[in-house]
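Note sheet for the following structure.
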Amino acid sequence: MSKTLQAIRGMNDILPEQTPLWRYFESTVARLLDGYGYGQIRMPIVEFTELFKRSIGEVTDIVEKEMYTFADRNGDSLTLRPEGTAACVRAVLEHGITGGGQVQKLWYIGPMFRHERPQKGRYRQFHQIGVEAFNLAGPDVDAELIILTWRLWGELGIRDAVTLELNSLGTSEARGRYREALVEFLSARISQLDEDSQRRLATNPLRILDSKNPETQALLVDAPKLSEYLDEESVVHFNGLKARLDAAGIPYVINPKLVRGLDYYSKTVFEWVTDKLGAQGTVCAGGRYDGLVEQMGGKPTTGVGFAMGIERLILLLETLEKVPESIARQVDVYLCAFGDAAELAAIALTERLRDQLPGIRLVVNASAGSFKSQFKKADKSGALYALILGDDELAKQEVSVKPLRGQGEQQSIAWDALPAHLAPCIAQG
Ligand code: ATP
Ligand code: MG
């Protein structure tokens, strides 16, 4: 017997029982972003490999070991996008929509691909919602991005479970000076560094700051501090952000070791973290990347954005039991027709009901089964009402309406009176 085919490790199907929660999450975010004036952009899932090398940085974990890269039939090197910012910047440049200082507030949603070790909250295909704002240089937009995520946590009922961590990386000049000081300090102690950090000392020394190794962390206690190397401009920007967060009543902690994995950040970086998901605790992360557009061949254009991991937020909603009652039910009304004549009549009746009650979630079961088995299905569907259409009802142009969730007795309702009778159950949906 041939082996059955399976999905690729770390790439998941999202089954019908799970999609209602995904759709609830996605529509909540979409509505919120509409409310703040962000427009949706949709980019391809595949781009030239060069795009990610140039934007994310050659010596990052993503580019060094996590990308799904392959040759196109004509030999071009293509990559499944590991994140959205690079493609978003490519798109705004290609279409000239940030030219002349035009402000763009954009968001996107979709799958991202990274060849990581799959575990809870970490997958090889995962989904992000990303938000990017271009040509807004002040801390007010950094604050807006954080304020709107705070509102989202409020709407989802998870504010108590997340903490905002903030840091400033300074301008690239300031960071360059700090990098030199850090490298000098660590080079003198290189034998005390773990293997990973030794390698990073030459390639991406700032990443050593978030090493998980306790000995490396102990060594860093006396190391030069990034905050002491910040330039005036970055300090003013960071203070402006903090003042706005204070004004909005959003609590935060300054994490001087927060450096983020990608090369392109400058000034503000932030993460929303939770202790409810084990090791994969960052649910949303982002920062400012004022140099990126220019680095990618555009005119100087400031940028700031974040991405949230949908799988982790879904896990958090489930863990905290914040799945709203209303999304558990997917069906309002379930119609059971018995007999050939009733089955035919049911077509016109249900199509008319769909006209009369837009949005009704009406499942028709006319094909198979005894009264009892159809009834079981109606109940299992989660519907509020079962409608029964048999020969007797058909003759009287009625249906029997049976409440399935304990709201009163079964009664016969004339076809014409059905919309009024069923309308309240749809409003609840
Ligand atoms: P981590 O430190 O957890 O690896 P990251 O810094 O690599 O995260 P970003 O590139 O900033 O992550 O992506 C933003 C968000 O996307 C993360 O905070 C997380 O919620 C989510 N995310 C990143 N990688 C994965 C993954 N492999 N599986 C699921 N979600 C992910
Ligand atoms: Mg990562």
Within segment 50-61, can you find the residues that are surrounded by fewer than 19 Cβ atoms within 10 Å (Cβ to Cβ), outside any loop (DSSP other than H, G, I, E, B) and within 16 Å of ligand 2 (Cβ to nearest atom)? ASP61
Is it the case that segment 38-49 has a residue that's open to solvent by 20 Å² or more (accessible area, probe 1.4 Å), closer than 22 Å to TYR108 by Cβ and of a type in the set (Ser, Thr, Tyr)? no
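So is LEU245 part of a helix (DSSP H, G or I) and assigned by TED's automatic domain parsing to the domain that holds SER266 or not?
Answer is yes for this residue.
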May I ask you to verify whether GLY10 is farther than 30 Å from SER326 by Cβ and either more than 16 Å from ligand 2 (Cβ to nearest atom) or among the charged types (D, E, K, R) (or both)? no
Got a sec? Which of ARG200, ARG244 is touching a residue at least 60 places away in the same chain (Cβ under 8 Å), in contact with a helix residue (DSSP H, G or I) (Cβ under 6 Å, 6 or more places away or on another chain) and of a type in the set (D, E, K, R)? ARG244
State yes or no: is GLN104 in contact with a strand residue (DSSP E or B) (Cβ under 6 Å, 6 or more places away or on another chain), of a type in the set (S, T, N, Q) and under 21 Å from ILE62 (Cβ atoms)? no
Could you list all residues from segment 257-293 that are modelled with pLDDT under 95, within 9 Å of ligand 1 (Cβ to nearest atom) and either buried (at least 21 other Cβ atoms within 10 Å of the Cβ) or more than 17 Å from the chain's Cα centre (by Cα) (or both)? ARG260, GLY261, LEU262, ALA279
Of the numbered conditions (1) more than 10 Å from ligand 1 (Cβ to nearest atom); (2) closer than 27 Å to GLY39 by Cα; (3) polar (S, T, N, Q), GLN128 satisfies every one except a single condition; which is it? (1)
Reported set for segment 352-397 where residues are among the β-branched types (Val, Ile, Thr) and open to solvent by 30 Å² or more (accessible area, probe 1.4 Å) is VAL363, VAL364
For segment 111-146, enumerate the residues that are under 21 Å from VAL92 (Cβ atoms) and open to solvent by 30 Å² or more (accessible area, probe 1.4 Å). ASN135, LEU136, ALA137, ASP140, GLU144
Whichever residue in segment 91-110 is open to solvent by 30 Å² or more (accessible area, probe 1.4 Å) and of a type in the set (A, V, I, L, M, F, W, C) and, among such residues, is nearest to ligand 1 (Cβ to nearest atom): ILE109
In this structure, is LEU349 away from ligand 2 (no atom under 16 Å from the Cβ), within 16 Å of the chain's Cα centre (by Cα) and open to solvent by less than 10 Å² (accessible area, probe 1.4 Å)? no
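Could we say that ILE314 is open to solvent by less than 40 Å² (accessible area, probe 1.4 Å) and either assigned by TED's automatic domain parsing to the domain that holds ALA414 or of a type outside the set (Lys, Arg) (or both) here? Quick ask: steps written out before the conclusion?
Working: open to solvent by less than 40 Å² (accessible area, probe 1.4 Å): yes; either assigned by TED's automatic domain parsing to the domain that holds ALA414 or of a type outside the set (Lys, Arg) (or both): yes.
Yes, satisfied.
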Being in a strand (DSSP E or B), in contact (Cβ under 8 Å) with a residue 24 or more places away in the chain and not aromatic (Phe, Trp, Tyr), is that true of even one residue in segment 33-44? yes
Working only within segment 180-197, note down all residues that are part of a helix (DSSP H, G or I), open to solvent by less than 80 Å² (accessible area, probe 1.4 Å) and more than 24 Å from ASN167 (Cα to Cα). SER187, ILE190
For residues that are open to solvent by less than 20 Å² (accessible area, probe 1.4 Å) and free of Cβ contacts under 8 Å to residues at least 40 places away in the same chain, scanning just segment 64-85, find the one that is farthest from ligand 2 (Cβ to nearest atom). THR79
Name the residues in segment 294-310 that are open to solvent by 10 Å² or more (accessible area, probe 1.4 Å) and in a strand (DSSP E or B), would you? ALA307, GLY309
Which condition breaks for PHE270 when tested against (1) in contact with an Asp or Glu (Cβ under 8 Å, 6 or more places away or on another chain); (2) in a loop (DSSP other than H, G, I, E, B)? (2)
I'd like to verify a number: residues in segment 398-429 that are at pLDDT 90 or above, surrounded by fewer than 16 Cβ atoms within 10 Å (Cβ to Cβ) and not in a helix (DSSP H, G or I), how many? 6
Name every residue in segment 7-20 that is away from ligand 1 (no atom under 16 Å from the Cβ) and surrounded by 11 or more Cβ atoms within 10 Å (Cβ to Cβ), in order of residue number. THR19, PRO20
Quick one: is LEU169 within 16 Å of ligand 1 (Cβ to nearest atom), at pLDDT below 95 and buried (at least 21 other Cβ atoms within 10 Å of the Cβ)? yes
Can you list residue pairs whose Cβ atoms sit under 7 Å apart, with the first residue in segment 131-150 being more than 18 Å from GLY100 (Cα to Cα) and the second being of a type in the set (S, T, N, Q)? Count only pairs 6 or more apart in sequence or on different chains. ASP142/THR268
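The values are calculated or read from the model by the stated rules, or taken from the named source; none is laboratory data. Since this is a predicted model, take the numbers as computed values, not measurements. With ideal geometry, Cβ positions are generated from the backbone for all residues, glycine too; neighbour counts draw on all protein chains shown. Ligands, DNA and RNA are stripped out before the accessible areas are found, and what is left, the full protein with its side chains, is counted by its heavy atoms. Shrake-Rupley method; radii C 1.70, N 1.55, O 1.52, S 1.80 Å.
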